[in-house]
Amino acid sequence: MSEKKKALVAGGLGVIGRNLVEHLAGLDDWDVIGLSRRPPPPDAAGDYIGVDLLDADDTRDKLGALDDVTHVFHAAYQEHATPQALVDANLGMLRNLVETVAAASPKLQRVVLYEGAKYYGAHLGAFETPAREDDPRHMPPNFYYDMQDWLLGVAEGRPWDAVVLRPDVVCGFAIGNPMNLAMLIAVYASISKALGLPLRFPGTATCYGKLAQVTDAAQLARGSVWAAIEGRGGEAYNLTNGDVFRWRQAWHAIARWFDMEAGEPQTIPLAQFMADKAPLWQSLVHRHGLQPVPYDQIAAWGFGDFIFRCDWDVVSSTTRIRQAGFHDVVDSTAMFLRLFEEFRARKVIP
């Protein structure tokens with residue numbers, strides 16, 4: 001039997017981290033600790049440590065005695081309004097965590113860093129697709145560039161190395177993490193249904209027909225274990241579901257699941273039109289006995305506006321990771337429906 005591995009998962013209550021902690025906790029050859037500023041819910045798997053990774057002293061105080069960590073998975077993220085603030089916060093968290101663990105644990109083998117399609121400039125407009133891991137960078141700043149360059153640079157000559165994973169639009173179960181597209185769609189559909197409306201795609205008609213991709217958090221958890229053990233050190237890998245779809249195809253299946261008519265696309269700014277729906281949502285929570293998640297933590301409407309207004313294909317090539325040995329593929333439309341079932345079973349949506 002191989003020696004048991006011990007993982008720290010930064011961002012352990014986010015959509016990536018919570019699902020990864022749950023996956024690792026179910027494996028016999030892993031111990032796992034989630035890291036988060038928030039306390040974990042009662043049903044969270046694994047152990048958790050409350051720590052502010054932006055605070056170097058707090059990071060050392062909370063993690064400096066962990067001398068048996070073999071793997072670090074860095075999924076922590078903070079949103080900020082300016083590019084430089086994004087760099088300062090997200091690079092700062094990564095640096096504090098890695099420096100602390102590397103100094104404390106001689107058993108450290110690998111750090112896995114999560115990025116996304118913003119690496120290719122997906123947030124700036126149309127980009128070359130399918131995006132490949134070695135495509136030229138866009139004009140900086142981009143906090144992913146700073147994080148990756150620092151991590152791969154500091155790993156040189158060390159007894160541990162690093163691997164970068166680039167998922168896109170990760171979907172899974174997480175509470176209090178509003179940047180979760182599956183949850184956003186489920187809440188939007190539930191509110192539309194309560195108002196007696198058809199399920200209209202709220203983005204642009206152009207986006208409705210463009211190619212899109214997502215990453216199932218469960219798929220990413222499996223791929224993360226692969227990256228931790230079998231991935232090549234110093235390498236970056238795109239990791240999405242491995243399929244692509246058009247929103248006009250998925251939307252009709254989503255509407256059927258909610259027992260709704262799929263209306264024609266109607267472009268509305270979700271951040272504006274959903275801002276006054278908290279009382280309606282609270283009435284649904286009360287009527288159906290849902291978990292009392294604050295409305296401002298259930299869905300990031302501005303994130304939905306961005307995703308549903310991408311008037312260009314958003315596709316990352318998964319050739320490299322498949323050729324390297326990770327072959328899992330997920331049907332994205334089926335993933336959405338499975339997650340809706342889970343959200344309903346966990347009393348998050350009616």
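Here are a few things to note about the model shown:
- Against the test of being surrounded by fewer than 17 Cβ atoms within 10 Å (Cβ to Cβ) and under 21 Å from I321 (Cα atoms), the options D216, D161, D168, D149 yield a single qualifying residue, D149.
- For the criterion of being within 18 Å of A194 (Cα to Cα) and outside any loop (DSSP other than H, G, I, E, B), Q282 passes.
- Among the residues of region 241-271, those identified as in contact with an Asp or Glu (Cβ under 9 Å, 6 or more places away or on another chain), farther than 17 Å from Y208 by Cβ and of a type outside the set (D, E, K, R) are N241, G242, W257, A271.
- Residue in region 168-181 that is in contact (Cβ under 8 Å) with a residue 40 or more places away in the chain, out of contact with any Lys or Arg (no Cβ under 8 Å at 6 or more places or on another chain) and assigned to a helix (DSSP H, G or I) present: yes
- Qualifying residues in region 315-350 (those that are crowded, with 21+ Cβ neighbours inside 10 Å and in contact with an Asp or Glu (Cβ under 7 Å, 6 or more places away or on another chain)) - the one farthest from L211 (Cα to Cα): M335
- Of all residues in region 1-24, those satisfying the criterion of being of a type in the set (G, A, S) and part of a loop (DSSP other than H, G, I, E, B) are S2, G11, G12, G14.
- For region 291-337, the tally of residues that are over 21 Å from A221 (Cβ atoms) and either in contact (Cβ under 8 Å) with a residue 24 or more places away in the chain or not in a helix (DSSP H, G or I) (or both) stands at 26.
- For S105: the one exception among (1) under 18 Å from H71 (Cβ atoms); (2) buried (at least 23 other Cβ atoms within 10 Å of the Cβ); (3) of a type in the set (G, A, S): (2)
- Residues of region 204-262 that turn out to be under 30 Å from L108 (Cα atoms) and part of a helix (DSSP H, G or I), as a count: 13
Here is a yes/no grid of residues against (1) among the aliphatic types (A, V, I, L, M); (2) in contact with a helix residue (DSSP H, G or I) (Cβ under 8 Å, 6 or more places away or on another chain):
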position	(1), (2)
D47	no, no
A56	yes, yes
D68	no, no
A76	yes, yes
A81	yes, no
R95	no, yes
V112	yes, yes
G116	no, yes
G125	no, no
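A short reminder: the numbers here are calculations on the coordinates, not readings from a lab. Predicted, not measured: the structure shown is a model, and the values here were computed from it. Please note: Cβ atoms are built from the backbone with ideal geometry, for glycine as well, and neighbour counts cover all protein chains shown.
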